[in-house]
Amino acid sequence: MNSIDALHAGGRQMLRFRKLIVVLYFANLVMAAAVVAPLAMLISGRLGHSLDSDRLFLNFDPSWIMETIYSDTAWPATAVGITLGVAAIVFLLMNTFFAGGALAVFHREDDAFFSACARYFWRFLRLLLISAVFYGLVWALNIGLTSAIDRGRETSMEARPWVMLGWVRIALLWLLLGVVNMIFDYSKIITVKRQKRSALRATILSLGFMRRHIRRTLAVYWMCAGVGALFLLAYHGLSEVLGQASTVAVVVLIAIRQLYMLTRMWVRLWTWSSESHVYNEQDQPVQTFSSTIVAPAPPSLAVAE
Amino acid sequence: MYKRAAALLFLPVYAFAQAKLIANYTIAARLNPADKSVSGHETLSWTNDSAAEVGELQFHLYMNAFKNTKSTFIRESGGSLRGDRIQKDSWGYIDVKSMRLAGGPDLTRSIQFIAPDDGNADDRTVIRVPLPKPVAPGAQIQVEIDFYTKFPHVYARAGYHGDFFLGGQWFPKAGVLEKAGMRYSTAPQWNCHQYHATTEFYADYGKYAVDLTAPSNFVVGATGVEKNQRKNSDGTTTHSFYQENVHDFAWTAQPTYLRLTRTFDADREVGAPELTDISRMLGITHEDARLSNVEMILLLQPEHASQAERHFRAAANAIKYFGLWYGRYPHQTLTIVDPPAGAGGAAGMEYPTFITAGTSWLLGNNDGSPEEVIVHEFGHQFWQGLVGSNEFEEAWMDEGFNTYSTGKVMEKAYGPRTIPLRLAGFPFSWLTSLPTATTEEVDRAGYLVVPKADDLWRRAWQYRTDLSYGINSYARPALMMMTLENTLGEAVMGKLMRAYQQKWRFGHPAAPDFIATVNAVSGRDMNWFFQQFLYSSNTADFAVGEVSSQPDHTGEGVFDEAGQRKTVTVEQASKIDKDKAKAKKETFRSKVTILRRGEVVYPVEIFMRFENGETERKQWDGQYRWVKYEFVKPSKLTFVVIDPEHKLILDTDWSNNSHVIKTKNATTVKWSSSLLFWVQQILQTLSALA
């Protein structure tokens, strides 16, 4: 199965698992709403009966934020920060939980989603912790590069080469983050397919698999990412055309944004599904032979009479 | 009384058209690029303009601010300024090799370091030089000085970066002898402050004749007009600059500068209708309003070559509007310097006829860069260059006036700008439409960071924090000036600003001089205004308190009307009300309470609109803590708003300035949905880790 076939297969499978997208979407929406609700109440409290609402609807005025912070109203910056942090952790755990179910049903479509979620949660959590080390290494490399570029910029008389190097750094950062992300996608797939209990073993197997099929795995991942980027571009174009200068435009944009969020869920699941197909096809278990030597039956010693 | 004073005020309008040239310098200096230094000889001709004998001279030796970590500058700044840090082991200093009176005794040994501001014995930025014989009133002396200036790597305005040099505060410069009656002085006294992290300008006017010798491959620019270039046999060129009526001299040199010139053609830039409009508004003649041509010299980094016209246009806009509003720019040249990458500390600075800009390799769409910095630094030609305020003691009259004026020029020439968001040097405005902001909104946001930290009027180095200095020297005075303009009207403000600029051109005014001009030109006693906004840290906040608008029910009970007693029962009253409602003859009682939450007392307008389109306007003096209004009208109140035109820009909370009866949800929905979307995005991006 080549990369395109895997993507097709993944896409077809996604048509059968539309409910999965909805589950992930609502989880995302609920968590985000929990973070935004106090801010929405604050905005409503300050502008719900104020003529300033009309002025600010047309163009955001940065001094409004400052006057809100300065005014007697308790600015819930700390509370929002904590809520966002807690929501991020809970959402990460929630996705770790759902990932087990999703990959299990991609592997065996008759598997029970939620019981699979529970089955793989602790194993995926261990993978998450191992992946943190990899992401940390990428981040450390990024900090090192940033610092080297900054040092170079300080001694240079030109900004241009250093700005361009900065872009290369960002591109490299995204590339490496993508590769780490991919390694742990396959680690999860291996955990599900081979029923591995050791997260470290699954990671090593994933690295081995990716080394053997580097072109195919990269192609599938980055094609999915490319489709995600196309959705982003489409959303961005629409939002720019619409603007938010009227109530109707605001409402339409809300719908478009939520649609875009659905596409993000779809792309994520589609990537997993396609990667599962790549793995299933490329890593068929090797035929093994029994090592037991079957001794031939001893020749009959009976003498014919 | 004030009108008569105004007439008197205009009499000496051109009294200072030519500065009193008190400190005149002839300098011959040689740039030594290898050891990043300048060696020079300076002849100072100094006149005692006071009525008393003067027994000593005082000088700034400002490059010593970078001599070690014990200087007041580095103690105050912690070795960083405007985001740039001092480079390791890159010290700067100035040595006075010798000082003597022309034809007189050597003064070198009598030089004493003093620290008039903070008593820091380690600070070496000010010296006093006792004279063997006092200088008589009106007499002139000549001082011969040999000096050596070692530049630091630039992080705070002056210094070097690679082969780029910015020579600011680079020579021994005389302080100001304030005579009795000048600013706050009651007797002649030296006003010669140490070099502080936040402030550095106050000097007497004079003429500067400077010969600067640099290797011939260097492009050199400086204050004033370049009169001559002489090639020397040692591979150097001597550039001769001359400028009168200025109080400082700065220069720059770099081999790779692109040197471009344009002429600000006054007749082409300012049409007859514009001249007529401004003449009418300010009550001046066409001839007074007319501007002069200016040669604009741009020293640009090669990688910014495509931005040359934007630099020139910004400078031309500044020359035009500052000139039209405050009087023509009197000098022949304006040199605009674009420091290279890595020398950001030299950007955004002002010296007479010489400013440094600051730009990026990639420019955003209409985000005001590099225009705003050019307009602002040019503005200092007026507020500090031509009107020589004491930046140390009254920074608001320098930076504040200029921030106010810059905002006006930017609004006039460019309108609202997009918020300059960038990522890794890439302007966001290329990708998406960003909100726009006016200078006023940005200043107001800055002011609201710490509105009560200090009184506005303080010495620059005595604000509680650097942030407080910044707010009280830039944003807050600019907003105060806008509030003053809104209070007096644009035409009166225009007249008084021009009168002040003209009266104090080449002079050294203080706050009371400005207030006197305001009172005289406006014909109003505005002391109450300055008492609250300048000399205090009080804040303003007007708010709508309780609001109600209910049917005005028919009264129940016993009434004596026209000599007859009439009893109205509950049922009768209710029936009358119902009948009125049916006939649509109902009346409504609307009650509004307006609160003064802040300490500032300011007269405000209160505007109310009713459902039938009827409106009510009330003027409230704002003296007491609250005022109540009550109306009986045939329809309900729709909204009430205090200060509908936002005249009081210093009001710390505009959201509570109005109350609309029906809930307004559009902005809440718009902003909340955007926030929701961005939090969803963050969470979803994070979920990729799972």
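Just one of the listed residues (B:Tyr93, B:Tyr160) is within 14 Å of chain A (Cβ to nearest Cβ) and of a type in the set (Ser, Thr, Tyr), and it is B:Tyr160.
Tallying residues that are in a helix (DSSP H, G or I), over 16 Å from B:Asn317 (Cα atoms) and hydrophobic (A, V, I, L, M, F, W, C) within the stretch B:269-306 yields 4. Of the strands (runs of 3 or more DSSP E) that lie entirely inside the stretch B:84-173, those containing 3 or more residues that are touching a helix residue (DSSP H, G or I) at 6+ places or on another chain (Cβ under 8 Å) span B:93-101. Taking the conditions (1) out of contact with any helix residue (DSSP H, G or I) (no Cβ under 6 Å at 6 or more places or on another chain); (2) farther than 28 Å from A:Met265 by Cβ; (3) surrounded by fewer than 18 Cβ atoms within 10 Å (Cβ to Cβ); (4) of a type in the set (A, V, I, L, M, F, W, C) in turn, A:Leu145 satisfies each one other than (1).
The set of residues in the stretch A:117-135 that are crowded, with 23+ Cβ neighbours inside 10 Å and among the aliphatic types (A, V, I, L, M) contains only A:Leu127.
Yes/no per residue for (1) closer than 27 Å to B:Ala156 by Cβ; (2) in contact with a Phe, Trp or Tyr (Cβ under 7 Å, 6 or more places away or on another chain); (3) touching a residue at least 24 places away in the same chain (Cβ under 8 Å):
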position	(1), (2), (3)
B:Leu282	no, no, yes
B:Leu298	yes, yes, yes
B:Ala308	no, no, yes
B:Thr333	yes, no, yes
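Would a scan of the stretch B:449-467 turn up a residue that is within 11 Å of chain A (Cβ to nearest Cβ) and within 15 Å of the chain's Cα centre (by Cα)? No, that holds for no residue. Scoring B:Asn317 on the criteria (1) part of a loop (DSSP other than H, G, I, E, B); (2) within 30 Å of B:Val492 (Cβ to Cβ) leaves a single failure, condition (1). Within the stretch B:353-367, the set of residues being surrounded by fewer than 24 Cβ atoms within 10 Å (Cβ to Cβ) and either away from every other protein chain (no Cβ under 14 Å) or more than 22 Å from B:Tyr160 (Cα to Cα) (or both) comprises B:Leu362, B:Leu363, B:Gly364, B:Asn365, B:Asn366, B:Asp367.
Within the stretch B:425-448, the set of residues being within 8 Å of chain A (Cβ to nearest Cβ), outside any helix (DSSP H, G or I) and either of a type outside the set (S, T, N, Q) or farther than 19 Å from B:Glu372 by Cα (or both) comprises B:Gly425, B:Phe426, B:Leu431, B:Thr432, B:Ser433, B:Pro435, B:Ala437, B:Leu448. Residues that are of a type in the set (D, E, K, R) and more than 23 Å from B:Val129 (Cβ to Cβ) within the stretch B:55-84 comprise B:Arg75, B:Glu76, B:Arg82, B:Asp84, listed in sequence order. Residues in the stretch B:662-688 that are more than 7 Å from chain A (Cβ to nearest Cβ) and either in contact (Cβ under 8 Å) with a residue 60 or more places away in the chain or small (Gly, Ala, Ser) (or both): B:Ser674 alone. Checking the stated criteria, B:Lys628 turns out to be within 23 Å of B:Asp541 (Cβ to Cβ), of a type in the set (D, E, K, R), more than 37 Å from the chain's Cα centre (by Cα) and more than 14 Å from chain A (Cβ to nearest Cβ). For the stretch B:631-641, what are the residues that are crowded, with 23+ Cβ neighbours inside 10 Å and within 10 Å of chain A (Cβ to nearest Cβ)? If the condition is that a residue be crowded, with 23+ Cβ neighbours inside 10 Å and within 10 Å of chain A (Cβ to nearest Cβ), then B:Val640 is the only one that fits.
Pull up the stretch A:233-250, narrow it to residues that are in a helix (DSSP H, G or I) and surrounded by 15 or more Cβ atoms within 10 Å (Cβ to Cβ), then point me to the one that is farthest from the other protein chains (Cβ to nearest Cβ).
If we filter the stretch A:233-250 for residues that are in a helix (DSSP H, G or I), which is where we start, we get A:233-242, A:247-250.
Within this subset, residues satisfying the condition of being surrounded by 15 or more Cβ atoms within 10 Å (Cβ to Cβ) are A:235, A:238-239, A:242, A:249-250.
Numbers: A:Tyr235: 10, A:Leu238: 12, A:Ser239: 8, A:Leu242: 11, A:Ala249: 9, A:Val250: 5 Å.
It comes out as A:Leu238.
Among the strands (runs of 3 or more DSSP E) confined to the stretch B:524-630, the ones with at least 3 residues that are surrounded by fewer than 16 Cβ atoms within 10 Å (Cβ to Cβ) and free of Cβ contacts under 8 Å to residues at least 60 places away in the same chain are located at B:542-551, B:557-561, B:564-568, B:615-620. Any residue at all in the stretch A:155-166 that's surrounded by fewer than 18 Cβ atoms within 10 Å (Cβ to Cβ), in contact with a His (Cβ under 9 Å, 6 or more places away or on another chain) and more than 22 Å from A:Ala9 (Cα to Cα)? Within the stretch A:155-166, one or more residues are surrounded by fewer than 18 Cβ atoms within 10 Å (Cβ to Cβ), in contact with a His (Cβ under 9 Å, 6 or more places away or on another chain) and more than 22 Å from A:Ala9 (Cα to Cα). Quick check on the stretch A:84-94. Is at least one of its residues of a type outside the set (A, V, I, L, M), within 20 Å of B:Ser674 (Cα to Cα) and within 20 Å of the chain's Cα centre (by Cα)? Yes, the stretch A:84-94 has at least one match. Taking the stretch B:320-347 as the range and being within 14 Å of chain A (Cβ to nearest Cβ), within 19 Å of the chain's Cα centre (by Cα) and part of a loop (DSSP other than H, G, I, E, B) as the test, only B:Ala347 passes. Candidates A:Tyr235, A:Tyr221: the one that is within 18 Å of B:Leu676 (Cβ to Cβ), under 22 Å from the mean Cα position of the chain (by Cα) and without any contact (Cβ under 8 Å) to a residue 60 or more places away in the chain is A:Tyr235.
Whether any residue in the stretch A:126-139 is of a type in the set (Ser, Thr, Tyr), farther than 30 Å from B:Asp163 by Cα and more than 9 Å from every other protein chain (Cβ to nearest Cβ) is what I want to check. No, the conditions are met nowhere in the stretch A:126-139.
Residues of the stretch A:59-83 that are assigned to a helix (DSSP H, G or I), surrounded by 18 or more Cβ atoms within 10 Å (Cβ to Cβ) and either facing chain B (nearest Cβ under 7 Å) or in contact with a Phe, Trp or Tyr (Cβ under 8 Å, 6 or more places away or on another chain) (or both): A:Ser63, A:Trp64, A:Met66, A:Glu67, A:Thr68, A:Tyr70.
Within the stretch B:643-655, at least one residue is in a helix (DSSP H, G or I), at negative phi, facing another protein chain (nearest Cβ under 7 Å) and within 40 Å of the chain's Cα centre (by Cα).
Looking at the structure I just gave you, is A:Val105 in a helix (DSSP H, G or I), more than 7 Å from chain B (Cβ to nearest Cβ) and touching a Leu at 6+ places or on another chain (Cβ under 9 Å)?
Yes, satisfied.
A quick yes/no check of all residues on (1) buried (at least 17 other Cβ atoms within 10 Å of the Cβ); (2) within 14 Å of A:Trp64 (Cα to Cα); (3) not aliphatic (A, V, I, L, M):
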{"position": "B:Trp430", "(1), (2), (3)": "no, no, yes"}
{"position": "B:Ser433", "(1), (2), (3)": "no, no, yes"}
{"position": "B:Arg444", "(1), (2), (3)": "yes, yes, yes"}
{"position": "B:Val449", "(1), (2), (3)": "no, yes, no"}
{"position": "B:Asp454", "(1), (2), (3)": "yes, no, yes"}
{"position": "B:Trp457", "(1), (2), (3)": "yes, no, yes"}
{"position": "B:Thr465", "(1), (2), (3)": "no, no, yes"}
{"position": "B:Gly470", "(1), (2), (3)": "yes, no, yes"}
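Only a single criterion out of (1) farther than 29 Å from A:Ala87 by Cβ; (2) within 14 Å of chain B (Cβ to nearest Cβ); (3) in a helix (DSSP H, G or I) is not satisfied by A:His49, namely (3).
Each reported figure results from applying straightforward, stated rules to the coordinates on display, with no laboratory input. These numbers were taken from a predicted model, which means no experiment stands behind them. With ideal geometry, Cβ positions are generated from the backbone for all residues, glycine too; neighbour counts draw on all protein chains shown.
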